[in-house]
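Taken together, the values in this text are just the output of simple stated rules run on the coordinates, not laboratory data. Being a predicted model, the structure only gives us computed values, none of them experimental. Cβ coordinates were reconstructed from backbone atoms using ideal geometry, including for glycine residues, and neighbour counts include every protein chain displayed.
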Amino acid sequence: MHEFGIAETIVQTALDAARAHGAARVDVVRVRIGDLSGVVEEALRFAFESIADGTPAGGARLEIERAPVRCYCSSCGVEFATAPLDYQCPACGAISGDVRGGREMDLVSIEVS
Amino acid sequence: MCDHCGCSTPAPHAHGHAHDHDHSHAHDHDEERKTIALHQSLMAKNDRLAEQNRGFFKGRGILALNLVSSPGSGKTALIEATLRALKDEFRMATIVGDLATDNDARRLRAAGAPAIQITTGAVCHLDAHMVQHALEDLGDAPVDILFIENVGNLVCPSSFDLGERLRVVVTSVTEGEDKPLKYPAIFQNADAVVVNKIDLADAVGFARETALANLKAAAPRARLFEISARTGAGLDAWHAFLREHAPRRPAQPREAG
């Protein structure tokens, strides 16, 4: 439901960066979205297209890279990649309450021309 | 495909070559595409304001709680019951977010605490900026515990740090057992989960063991409380949890209520 707000930040940041680099338009926008971010990809794409329309980012390609959930197991001292609801260390079976990745919502890069 | 104009020439292509196709636009070969690395969090602004709020709370010795739930789980009822029970022990205040109406703020004021209403309009969550403004409205009133009642929604509030010390998810037996499985993001980093309306558990056929197993899997670091805000069942453990985290002010002894 908050994908529109996120898309607004994406488009605004991309337009500001493009302008700062003297570019006329934004062709590609790359974001990294964590599996625990609560962001729905289709909703984000729809919001992005709607908001970018009519701006120099109109028609830009949105590339979404997923970031897996990463937990830290304090007994084993290791970090492991997993999925939402599965916070169990594959080595020792302990449940980790220390999630270190998966909530990302990052604007990684843009391509401009 | 050529990145530049969408023609079928492989990219990157040498310039100065013959073009055997028409262009509908000026073909300026100085205008190459370039990548700009940004690597910035889309939540950066909210997170920065949340850190300011956290500093404010820490500086004033305020225990701030962010209460999230689906609509109708009983956040307001839980806060009301807590305000009434602990009024002689702590100075408490509330910030309450709703899409519309100030009904909840009225209820909380009636329970004896200052209540700042944030009416979010179409926005489905509170953010750190809204809370910052509400704190201005709260002024200099001394506060030990601040309850921030979020907009009823199990999705969006999970992304917005408000600067709170504790995130509390309130759920209720009438919502069934699988809410934690359906909304993993909001449960995962909860410090406490309060299961409300246990007085209705039998009436709605609540499968307690299944529900607790789901909660433990989805909210691995949360303390669990089974309560009824209406009857008061289980509230003692919840109050003890608040006492554990609330600031101690030995210089200001209070009279027993």
Residues of region A:91-112 with amide N under 16 Å of a point placed 7 Å along Cα→Cβ from B:THR35: A:107-112
Region A:47-113 versus region B:174-227: alpha-carbon centroid distance in Å: 25
Distance (nanometres) between label positions extended 7 Å along Cα→Cβ at B:THR231 and A:GLU63: 5.9
Partner aspartates and glutamates for B:LYS75 [C-alpha distance under 17 Å; skip if fewer than 8 residues away on the same chain]: B:ASP98, B:ASP102, B:ASP104, B:GLU149, B:GLU164, B:GLU175, B:ASP191, B:ASP199, B:GLU226, B:ASP236
Selection from B:ILE116, B:ALA105, B:MET92 lying farthest towards where the dipole of region B:47-124 points positive, charges on Cβ: B:MET92
For B:PHE160, B:PHE57, order by how many other beta-carbon atoms lie within 10 Å, fewest first: B:PHE57, B:PHE160
Spin-label pair A:CYS92/B:LYS182, simplified geometry with 7 Å Cα→Cβ offset, distance in nm: 3.6
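I'd like the FRET efficiency for B:GLU244 and A:ARG100, computed as 1/(1 + (r/R0)^6) with the beta carbon distance as r and R0 of 35 Å, rounded to 0.05.
Computed FRET efficiency for B:GLU244 and A:ARG100: 0.85.
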Spacing of the two label points (7 Å from each Cα toward its C-beta) at A:THR55 and B:ARG106, in nm: 4.0
DSSP beta bridges in the protein assembly as shown [antiparallel fraction, %, rounded to 5]: 35
Cβ-based exposure ranking for B:HIS129, A:HIS21, in which fewest neighbours within 10 Å come first: A:HIS21, B:HIS129
Theoretical gain in end-to-end length, B:LEU99 to B:LYS45 [0.36 nm per residue, Cα-Cα removed]: 17.2 nm
Cα-based equivalent ellipsoid of region B:27-161: semi-axis lengths in Å, sorted from largest, via gyration tensor: 37, 17, 12
Those residues of region B:61-100 whose amide nitrogen sits under 18 Å from the label point placed on B:ALA122, 7 Å along Cα→Cβ: B:98-100
